[in-house]
Amino acid sequence: NTKSHSEQSSKSSDVTFNNHSEGHVEQEAVASGIRATGDLTLNAGSNINLVASGLKSEQTLRIGGSVVDQAALALAEDGGAEAAAEKLPLNLHVGTLALNNTTWNETQKGFSGPLEELVKVASFATALMLAPYTLGQVDLPEVKIGEHSSTRTQDVLQVGSTLSAQDMAIRVQNTAAFIGATVTVPGTLAISAQDIVIDAAAETHAYRHEA
């Protein structure tokens, strides 16, 4: 969800002008969540991705594990192979959602029309008249035809994911990645994967002022 607001104003006369603009753009996230008063089990044939979401179990949270393979079950009914066949997700990614927020404030003002040209000529003439007397020892006063001021900030914020349970078991074939995530387990936590990645998610703040 993105919220934005901007205001612009402009004032001018025959000899001056003043323009102003300010506003902001703000992003918000509505997180998804699954909560179970008992056990909570997630499994998939490919990948499991959690982005700015929450999983909570009052008892045991399992991601990846044993499921009943229907073909094997059919063979087992005929006295054949094992009924239970373990199938694990390929990868688990528990990550963040980046939100971009921007604010700005800009102002432009100065002379316009014939007066602008007159100020330019007067400024140049004054410099010529004073040059022989100053001999470079004194800085001449600056005559500003116009002024510009701009301030802009940009922030990148991260909304993370949470996993919470009394006990937790995570099993995937390849990579289990936790990026900017919070995992809370008072009891036992077990993670099994080819690679386990636990990393931070960067937030940034940029400020720029021009005048």
Taking Lys and Arg as +1 and Asp and Glu as -1, residues besides residue 151 with C-beta under 13 Å from its C-beta add up to -1
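Just the number, please: carbon plus sulfur as a percent of the accessible area of the range 145-187, 1.4 Å probe, no ligands or DNA/RNA counted. Can you show the working numbers first?
Working: 870 of 1890 Å².
Percent of accessible area from carbon and sulfur atoms in the range 145-187: 46.
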Simple SL model, points at 7 angstrom along Cα→Cβ for residue 39 and residue 4; separation in nm is 4.9
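Computed FRET efficiency, Cβ-Cβ of residue 102 and residue 19, R0 22 Å: what is it to the nearest 0.05?
Values: r = 20 Å, r/R0 = 0.89.
In this case the efficiency is close to 0.65.
Can you give the net charge of the other residues whose Cβ lies under 10 Å from the Cβ of residue 62, counting K and R as +1 and D and E as -1?
Local charge sum for residue 62: -1.
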Placing each pseudo-label 7 Å from Cα in the direction of the beta carbon, residue 151 and residue 12 end up separated by a distance in nanometres of 2.6
If amide H atoms are modeled at 1.01 Å from N in the peptide plane, then the residues at a separation of 5 or more from residue 52, or on another chain, having amide H under 5 Å from its own are 95, 96, 97, 161
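Report the net charge of residues surrounding residue 37, where surrounding means a beta-carbon distance below 11 angstrom and charges are Lys +1, Arg +1, Asp -1, Glu -1. Could you put the intermediate results ahead of the total?
Working: positive: 35, 56; negative: 39, 58.
Residues close to residue 37 contribute a combined charge of 0.
The values are calculated or read from the model by the stated rules, or taken from the named source; none is laboratory data. What you see is a predicted model; the values in this text were computed from it and never measured. We place every Cβ from the backbone using ideal geometry, glycine too, and count neighbours over all the protein chains shown. Keep in mind that these areas ignore ligands, DNA and RNA; they rest on the heavy atoms of the full protein, side chains included. Shrake-Rupley method; radii C 1.70, N 1.55, O 1.52, S 1.80 Å.
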